[in-house]
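The values are calculated or read from the model by the stated rules, or taken from the named source; none is laboratory data. If you're wondering where the values come from, they're calculated on a predicted model, not measured in any experiment. Glycine gets a Cβ as well: all are built from the backbone with ideal geometry, and neighbour counts include every protein chain shown. We work out accessible area using only protein heavy atoms, side chains counted, and drop any ligands, DNA or RNA first. Shrake-Rupley method; radii C 1.70, N 1.55, O 1.52, S 1.80 Å.
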Amino acid sequence: MAMLEIDNLHAKIDGDEGKEILKGLSLKVNPGEVHAIMGPNGSGKSTLSYILAGKEDYEVTDGSVTLDGEDLLEMEIDERAAKGVFLAFQYPIEVPGVATMTFLRAALNAQRKKRGEAEISTPDFLRLVKAKSGALGINPDMLKRGVNVGFSGGEKKRMEILQMAILEPKICILDETDSGLDIDALKVVSEGVNALRSPDRGMIVITHYQRLLNHIVPDFVHVMNKGRIVRSGGKELALELEANGYAEYQQDAA
Amino acid sequence: MPAVQETVEQVRSIDVDQYKYGFFTDIESEKAPKGLDEDTVRFISAKKNEPEWMLEWRLEAFRRWQTMREPDWARVSYPAIDYQNLYYYSAPKRPSQLSIDDIDPEILATYEKLGIPLRERDALLGIESAGGSRVAVDAVFDSVSVATTFKEELAKAGVIFMPISEAIREYPELVKKYLGSVVPVTDNFFATLNSAVFSDGSFVYVPKGVRCPMELSTYFRINERNTGQFERTLIIADEGAYVSYLEGCTAPMRDENQLHAAVVELVALADAEIKYSTVQNWYPGDKDGKGGIFNFVTKRGDCRGDRSKISWTQVETGSAITWKYPSCILRGDNSQGEFYSIAISNGRQQVDSGTKMIHLGKNTSSRIISKGIAAGYSDNTYRGLVSAHRKATGARNFTNCDSLLIGDKCGAHTVPYIESKNSSAHFEHEATTSKISEDQLFYCRQRGLDPEEATALIVNGFVKDVLQQLPMEFAVEAQKLISVSLEGSVG
């Protein structure tokens, strides 16, 4: 059994009588694998990431998701996080007045506690943050500022990766991490992500553009359209999409 | 950060709807007959062995009060208070303020339970381990002060810290000079009532050029049923003096409402500074709005001398009704007033609180930072006045009022009044209202925080600017209290 198994997932916006956004999506992610999901706007990519994280605005109408054989959809948002699900947000949220450092520590300790582990000691925590933020080129002064408050687009994304590095999740979902980044920021962020690739960790990289995949080279590429994966292949599929666009998939599915 | 974690622990350890300080101490007490007339006033005055001038002062207030009407402009509603159905004086039977060993052990136990050490030896041990600095405590139980610690050590520095009832006898000239000089007897319905029937409270005098060697604090406890508490606090910082004063309050849980109508007067002479911090945690009533304290308080500071400074910091989490506007009269040139407030309402609580900054002197400045947090079915109003007299050249004010709503059954209101009669005055006002957004909660929970942890973190972030103003030990306490107050507010 794969680490993360998504089987025939159907979902719609909660309370909305309208149409499904995901219409039978299936995907398996094994430890060590990086899967890229590409697709046109509105194909359901972000919805997939929210549903995996447990956002309450969606209703799963059919199908299943398991993490290490456990039913992920039954778990609370924070329980999923403690089990190792991490979502790097496309638009990271501001939490004014809460120093980033405080936030990181609260999150790490909350997860450790849920897993029955002891809280991290202050010196260990400071060492950990120093090492991880240094590698991402994050200025220590930024960690004193409120979470994402007044950060540039690039700073926000770097901060997401820092959180990922500190929380050491099992499965990372990166939602449009490249959006709003210039080429230099893209490089730094990608290096950060690559440093976190490990034989124990799976990643789902959601992106509209191929350019991110030059930096984070995936093992698999999936094309998503209208709530389904319509084609899967190796990394070369991304180049093909870059050249030809999504038009043929959109017609196929229509 | 550890404080946030502690907060969360605390929230967990307490059941919804449980007010930690809601116990009642069963002791014998001596009360004035129920109701209020001139005889009640005479009874209280006699109990306190007051001089004639004090009785006259009280009677004048009482006569005035009879002609006044209860104010109704605040955004609060409550059943009519029957002023004749209250006890205006209640005191533990044993003699107090003699020596610590004469205090009823039940009362000592009460304060121990509240975490307030009244034995100086314990106070030394307890507080030194917490933070190094020492705090002198005056403990007021219903209508009387039961203990004041570190009196002798303070006396060495020339600082007078004692129950006001004692100060009236021992320092009549000081009391006569300053009592009612900031909040006149005729000021308002509740202040006038207080002037007639106040029973105890603290008196502080810091002489010229003295920096008070420790934090002073008064701990108010209402215990007796159907008893109003009317404390009176008077703090005077003479020229160049400095004092930091803390005030804490709790009461037992009761089905009936209890009345609390206090008056606090601060006087800062030239170059003096007074920092006054309150953590108000009176019983707020149960989740359906039954019981709780009606808190009608008049607090005012007079920056009487040039370059003087008065700073109010308050964390208001308790009471069914809060009606409270700690204010500053900026009389001296270059004087400064500050008001930092966190007001939290949950359940059926109603808060109408704010401040007045009255600029009279030249180049006076004031700063108002108010954070209102409403949850449950509560209503939370900021009401403030900033005014500049025509002689107040160069007056400056900065006001920032932020409101945070948790849930969709509560309300936050901001009612700022600005009056400027001097064209050189410079007043700035900022106000925001926000909700803890679903997105913020989702983001925090995605990182592993449960809903209560996430809410505590977001709220603590929201009030950070004000918490920073509190003395250290108090800030930690306040942070815990905030989370406990918001208990059960996350659906």
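If you split all Cα-Cα distances of the protein assembly as shown into 20 Å bins from zero, what percentages do you get per bin, shortest first? The distribution over the protein assembly as shown is 16, 41, 26, 14, 2, given as percents. Counting, for every residue in A:87-95, the Cβ atoms of other protein chains within 10 Å of its Cβ and taking the mean gives 4.
Could you give the length gained by full extension between residue B:171 and residue B:85, i.e. 0.36 nm per residue of separation minus their alpha carbon distance, to one decimal place?
Gain in length upon complete extension: 27.5 nm.
Interface residues of segment B:440-458, defined as those losing at least 40 Å² of solvent-accessible heavy-atom surface relative to the isolated chain (probe radius 1.4 Å), are listed as B:440, B:442, B:443, B:445, B:446, B:447, B:448, B:449, B:457.
Spin-label model, residue B:398/residue B:429: points 7 Å from Cα along the beta carbon direction are separated by 1.8 nm. Rounded to the nearest Hz, the phi-derived 3J(HN,Hα) couplings of segment A:123-140 under the Karplus curve 6.51 cos²θ - 1.76 cosθ + 1.60 (θ = phi - 60°) are x, 4, 5, 4, 4, 4, 5, 4, 5, 6, 6, x, 4, 9, x, 8, 5, x, where x marks glycine and proline. Taking amide hydrogens as placed 1.01 Å from N in the peptide plane, the amide H of residue B:313 sits under 5 Å from those of B:276, B:277, B:278, B:340, each at least 5 positions away in sequence or on another chain.
Ignoring any ligand, DNA or RNA, what whole percent of the accessible area of segment B:304-394 comes from carbon and sulfur when the probe is 1.4 angstrom?
42 percent
Shown for segment A:40-135 is the translational diffusion coefficient from the Stokes-Einstein equation, using the Kirkwood radius over Cα pairs, a temperature of 20 °C and a viscosity of 1.002 mPa s: 137 µm²/s. Amide H to amide H, with H built 1.01 Å from N, residue B:210 comes under 5 Å of B:241, B:242, counting only residues 5 or more places away or on other chains.
Could you give the semi-axes, largest first, of the ellipsoid that matches chain A, computed as the square roots of 5 times the alpha carbon gyration tensor eigenvalues and rounded to whole Å?
30, 22, 17
Counted by Cβ distance under 13 Å from residue B:367, the other residues give a net charge of -2, where Lys and Arg count +1 and Asp and Glu count -1. Using θ = phi - 60° in the Karplus curve 6.51 cos²θ - 1.76 cosθ + 1.60, the 3J(HN,Hα) couplings for segment A:19-28 round to 7, 6, 9, 9, 10, x, 8, 10, 7, 10 Hz; x is entered for Gly and Pro. Can you tell me the FRET efficiency between residue B:78 and residue B:34 if r is taken as the Cβ-Cβ distance and R0 is 22 Å, rounded to the nearest 0.05? After rounding to 0.05, the efficiency reads 0.60.
Averaged over its residues, the protein assembly as shown has an accessible area of 39 Å² per residue, based on protein heavy atoms and a 1.4 Å probe. The H on the amide N of residue A:58, modeled in the peptide plane, is under 5 Å from the matching H of A:14, each at least 5 residues off or on a different chain. The calculated pair-distance distribution of segment B:346-477 uses every alpha carbon pair, bins of 10 angstrom beginning at 0, and gives 12, 32, 31, 17, 7, 1 percent.
Taking both sides together, the accessible area buried where B meets A is about 2400 Å² for a 1.4 Å probe. 222 nm [θ] for the protein assembly as shown, helices only, -39500 (n - 2.57) per DSSP H run of 4+, per residue, to 500? Estimated from H runs of four or more residues: -8500 deg cm²/dmol.
Rounded to the nearest 20, the size of the Cβ-charge dipole of the protein assembly as shown about its Cα centre is 1900 debye, with Lys and Arg at +1 and Asp and Glu at -1.
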